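The values are calculated or read from the model by the stated rules, or taken from the named source; none is laboratory data. A quick note: this is a predicted structure, and the numbers were derived from the prediction, not measured. Every residue, glycine as well, gets a Cβ built from its backbone with ideal geometry; the counts of neighbours run over all protein chains shown.
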């Protein structure tokens with residue numbers, strides 16, 4: 001599931017009148033597509049952090 005869809009589903013719980021804390025658990029199966037996507041996302045974030053720093057940010 002895409003992050004925006006997950007966030008929307010979580011946010012919807014509060015919009016329907018929930019007043020107590022909500023916990024969201026995401027289970028990722030080893031060697032699954034979801035796990036590979038998360039690893040790719042982390043690698044992209046690391047690359048971004050290396051390329052974009054305070055010194056060269058315009």
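Residue under question is residue 28, and the condition is that it be surrounded by 10 or more Cβ atoms within 10 Å (Cβ to Cβ) and either modelled with pLDDT under 85 or in contact with a helix residue (DSSP H, G or I) (Cβ under 9 Å, 6 or more places away or on another chain) (or both); does it hold?
Criteria met by residue 28.
Which condition from (1) in a helix (DSSP H, G or I); (2) surrounded by 10 or more Cβ atoms within 10 Å (Cβ to Cβ); (3) modelled with pLDDT under 85 is the one that residue 41 breaks?
The number of the failed condition is (3).
For every residue, the table says whether it meets (1) in a loop (DSSP other than H, G, I, E, B); (2) exposed (fewer than 10 other Cβ atoms within 10 Å of the Cβ); (3) modelled with pLDDT of 80 or more; (4) touching a strand residue (DSSP E or B) at 6+ places or on another chain (Cβ under 8 Å).
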residue	(1), (2), (3), (4)
8	no, no, yes, no
12	no, no, yes, no
18	yes, no, no, no
21	yes, yes, yes, no
37	no, no, yes, no
48	no, yes, yes, no
56	yes, yes, no, no
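Does any residue in segment 29-45 that is closer than 14 Å to residue 3 by Cα come within less than 6 Å, Cβ to Cβ, of a residue that is modelled with pLDDT under 95 and surrounded by 10 or more Cβ atoms within 10 Å (Cβ to Cβ) six or more places away or on a different chain, and which pairs are these?
Close Cβ pairs (under 6 Å, with a partner that is modelled with pLDDT under 95 and surrounded by 10 or more Cβ atoms within 10 Å (Cβ to Cβ)) amount to 34/28; 35/28.
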